[in-house]
Amino acid sequence: MDMESKEKRAREEDNVNDGATSKMQKVENEEEQSVEEKKPSSPSAPVKLGLKDFVSSIDMFDYFYNFLHSWSPFLNVNKYEHIMLLELLKNGHTDPDQKISGGIRAFQVRKHPTWKSRCFFLIREDGSTDDFSFRKCVDHILPLPEEMQLKPDVNRALGGGGKHHAGKGGGGRGQRGRS
């Protein structure tokens with residue numbers, strides 16, 4: 001081989017090596033990017049609601065759940081909790097203007113007449129009352145984990161939302177001895 005051929009071959013080998021190096025770097029960069037994409041995103045900043053900061057939807061849910069289950073029924077909530085519930089409605093309800101219309105005099109914990117469970121109720125200035133789901137409000141502000149979200153048929157499973165057949169009979173042991 002003459003000198004010129006050897007130099008040419010050396011340059012070609014350098015180019016092949018450079019190409020391999022750049023391809024290797026490209027693959028490594030892609031791997032780094034895919035690893036970064038798989039990492040869970042950094043925790044978001046706390047959400048301020050009323051007078052309190054919540055670090056997660058579970059934190060917010062727990063706050064209102066514990067409040068709901070510790071407050072005495074039919075007792076107006078204090079000023080601090082009033083602010084917290086009002087902010088929850090304003091920021092989390094799908095139609096806050098309709099719920100808050102006419103102004104809110106007080107909030108209370110009551111047993112829901114249909115679901116027979118504790119529920120937050122608002123009492124408007126005109127004396128009318130309405131219930132609201134703190135869980136749906138929290139989920140609207142900070143999405144709850146899937147296992148904590150309400151399923152669409154939850155009301156039906158709890159005995160509501162479907163057709164009621166009150167007074168139509170069918171309950172009991174049949175019509176013994178009746179003809």
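All of the numbers you see were taken from the coordinates with simple rules; none came from a lab. Just so you know, these numbers come straight off a predicted model, no measurement behind them. Cβ placement follows ideal geometry from the backbone for every residue including glycine, while neighbour counts extend to all protein chains displayed.
Size descriptors for region 69-108, from the alpha-carbon set: Rg then Dmax equal 10.7, 28 Å. In region 47-120, one over the average inverse separation of all distinct C-alpha pairs is 13.2 Å, which is the Kirkwood hydrodynamic radius.
Grab the other residues whose beta carbon is less than 14 angstrom from that of residue 129, score K and R as +1, D and E as -1, and report the net. In short, +1.
Where does the charge balance sit around residue 71 when Lys and Arg score +1, Asp and Glu -1, over other residues with C-beta under 12 Å from its C-beta? Neighbour charge sum, excluding residue 71 itself: +1. Measure up 111/151; 48/116; 48/136; 48/90; 48/111 against 23 Å on the Cα-Cα distance and list the ones that go over. Those over the limit are 48/116; 48/111.
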